[in-house]
1. Is the shape of the chain best called rounded, prolate or oblate, per the rule: a/c under 1.5 gives rounded, else a/b larger than b/c gives prolate, else oblate, with a ≥ b ≥ c the square roots of the Cα gyration tensor eigenvalues?
2. Figure the gain on full extension for residue 407 and residue 147 (residue separation times 0.36 nm, minus the Cα-Cα span) and round it to one decimal in nm.
3. Just rank 278, 401, 67, 204, fewest to most, by other beta-carbon atoms within 10 angstrom.
4. Quick one: dipole size for the chain, taken about the Cα centre, charges +1 on Lys/Arg Cβ and -1 on Asp/Glu Cβ, in debye to the nearest 20.
5. Among 373, 83, what is the fewest-to-most ranking by other Cβ atoms within 10 Å?
6. Return the whole-Å distance between the Cα centroid of region 125-152 and the Cα centroid of region 339-399.
7. Give a quick list of trypsin sites (Lys or Arg not before Pro) in region 111-183 that DSSP marks as loop, anything other than H, G, I, E or B, with at most 11 other Cβ atoms within 10 Å.
8. How tilted is helix 165-181 with respect to the longest principal axis of the chain? Cα atoms for both, answer in degrees (0 to 90, nearest 10).
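Coordinate-derived values only; no laboratory data. Because the structure is a prediction, the values reported are computed rather than measured. When we count neighbours, we look across all protein chains shown, and the Cβ atoms used for this are built from the backbone with ideal geometry, even at glycine.
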Amino acid sequence: MSPAATGRLTRVTLVGPRRRADLVLPSDEPIGMLLPEIVGMLGLGPAGRPRGYQLSMLDGQVLEHTTNLRAAGVTDGALVRVDPLTEAPPAPIVHDVSDEVADDLARRRGRWDGVARRWTATAVVAAAAVLAALLAAPPLGPAALSAAGVVLLLAGTGLAVIGSPQPGVAVLLGGAAIVLASVPWWADGWPQRWALWMLGAGVTVLALGIATGHRRAGALGAGSVLLLLAAWTGLAAAGLAGHRAAAIMAVVSVGALGLVPRFAMMASGLTRLDDWQTDEGAVTRVEAGSAVDAAHRGLALAAVGAAASGAAAGWLLAGAATGWTVALACLVGVALLLRLRAYPLTVEVLSLVTAALAVATGLALQWVQVRPDLWWGGVAVAVAVAAAALLVLGYHPPPHTRARARQLADRIEGLAVVALIPVAVGVFGVYSRLLDTF
């Protein structure tokens, strides 16, 4: 029945952010007078603040507070949105294009602002430092160049700690860039160069953590990188063959990806705060927020380091081109790809996807090199990867399908992780020696 028929009441369905309600409202009462009760019924907030909310139709028409339902043309059974003013949909008609352009610029992401200016200036400092290092290396030698870089790194860290964080970080990164640029003069082989670059990256992360005040996150990230680097270096120093060292580090890297979330919570203090709250202690919001931020920063840095180590191990295993190493490389790629479900941040997921793709690329290239007559196999792998990416872009499964996919992924990941150790043992030829013995 329309409001014209009743003359006094209008039945509407009010839709709020969290709930909806069917109400019968006076047709001639100003909307501003009805709004406090509407807000209270929908559980949106204090009923005494009607100006903080607005009513709108599904087509975007905003119902002014001074009008009533009859004058606004609201009929029986209409759907009416109730939104906070900060979340309300914009009006469908633009009355002033200049104001709309100004408002859009104010809220548009990617604007040139203070943050972009600081990072651009920092990047210019680092790039200029690298250029200076390349030009000064021939006459001065790598020793003087590295010493200058270390001095700048320490000076930048100290400058940031005493109260000038932005210039200090720029000087710190400039010094780190000089040290890293001098690595080719210290090492001739690529493995040694990569080891020195990773060492420099770990020290830089630690210095950045000290300079920016994120000491716990920097310690966790740098500690993870340096421990993995120490493991790689120790295995190489022990005279272990490359594919065998990669087999050990593949297991270590995948295992680290399963452990670093727990370590991040412990290093950030989240576990301590949880225990304190369990004992009925008070935890402030500032303490909890700082601990969560530290956990995410440390987890991101550690995840990137572990993913890089896993990618290097998978690449070396694929290059060995034996049955056991290829099988282990496949398991590592699957484990790296499926482990991303435990990581919430974009940088973590991207690092794990990149690591898995690096392993798949190594396997495909090795396939083509070993069996050039079966070149189509490598092409098939690349096409399969592209098809999987297109499936992610174009297919949005319903919730029950996603739940089943998660269960299947859990099983596959568990099998891949469990199979890592026996397959890694096979890389060392243990099974063949056992067969020869018996």
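1. Verdict is prolate for the chain.
2. 88.2 nm
3. Final ranking by Cβ density, sparse to dense: 278, 401, 67, 204.
4. Result for the chain is approximately 740 debye, rounded to the nearest 20.
5. Neighbour counts put them in this order, fewest first: 373, 83.
6. For region 125-152 versus region 339-399, the Cα centre distance is 39 Å.
7. Those that pass, being in a loop and sparsely packed, are 111.
8. 30 degrees
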